[in-house]
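The values are calculated or read from the model by the stated rules, or taken from the named source; none is laboratory data. Source: prediction; values computed, not measured. In this analysis, Cβ positions are derived from the backbone assuming ideal geometry, glycine residues included, and neighbour counts consider all displayed protein chains. Note: accessible area is taken over every heavy atom of the protein model, side chains too, but ligands, DNA and RNA are not part of it. Shrake-Rupley method; radii C 1.70, N 1.55, O 1.52, S 1.80 Å.
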Amino acid sequence: MPQSAVPQFREHHIPEGVMKLKRQEFLALKQGGMSVSEYRDKFIQLSRYAPADVATDGQKQDQFRLGLNAPIRYQLLVHTFDSFQKLVDNAISVENARKEMGEQKRKFESQGQSSNSRPRFGPPQGNQYRTGGQNVNFGQNQYQ
């Protein structure tokens with residue numbers, strides 16, 4: 001289908017109210033619990049309803065970046081990408097690296113906890129101590 005036929009098709013087959021709702025959904029789209037790939041798929045699907053908001057590759061990158069989860073967005077903030085696809089590729093790489101780091105951290109923490117399970121020596125719990133065969137209750141009146 002030629003590019004000029006796309007707006008005509010939309011105008012004829014998709015009600016204007018639906019276009020407005022889908023555009024608003026697109027502009028509010030966030031990655032949330034989705035993977036970067038799932039977010040990209042949803043982004044591309046909804047971007048069809050907001051062609052003016054993603055008319056250039058730069059606009060598309062900006063809008064995509066806005067919806068990414070904060071840690072990934074932050075890591076990509078200082079980079080400039082030649083294309084939307086390069087931005088997506090890098091976001092996927094960052095996401096995978098973060099997952100690997102999280103798994104290593106969990107593994108390290110679980111190893112640390114198991115080595116910490118040795119018995120601890122110290123004073124017995126509570127406030128009773130045995131001294132010289134006598135039971136001494138600190139802070140308690142013996143004549144209660």
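Residue count for region 32-68 under the criterion of being in contact (Cβ under 8 Å) with a residue 12 or more places away in the chain, in contact with an Asp or Glu (Cβ under 8 Å, 6 or more places away or on another chain) and among the polar types (S, T, N, Q): the result is 3.
Take the conditions in a loop (DSSP other than H, G, I, E, B), in contact (Cβ under 8 Å) with a residue 24 or more places away in the chain and at negative phi and apply them to residue 29. Does it pass? The answer is yes for residue 29.
For region 1-29, filtering for residues that are surrounded by 13 or more Cβ atoms within 10 Å (Cβ to Cβ), among the aliphatic types (A, V, I, L, M) and either under 19 Å from residue 66 (Cα atoms) or modelled with pLDDT under 60 (or both) leaves 2.
Restricting attention to region 66-100, the residues that are under 15 Å from residue 32 (Cβ atoms), open to solvent by less than 70 Å² (accessible area, probe 1.4 Å) and not in a loop (DSSP other than H, G, I, E, B) total 6.
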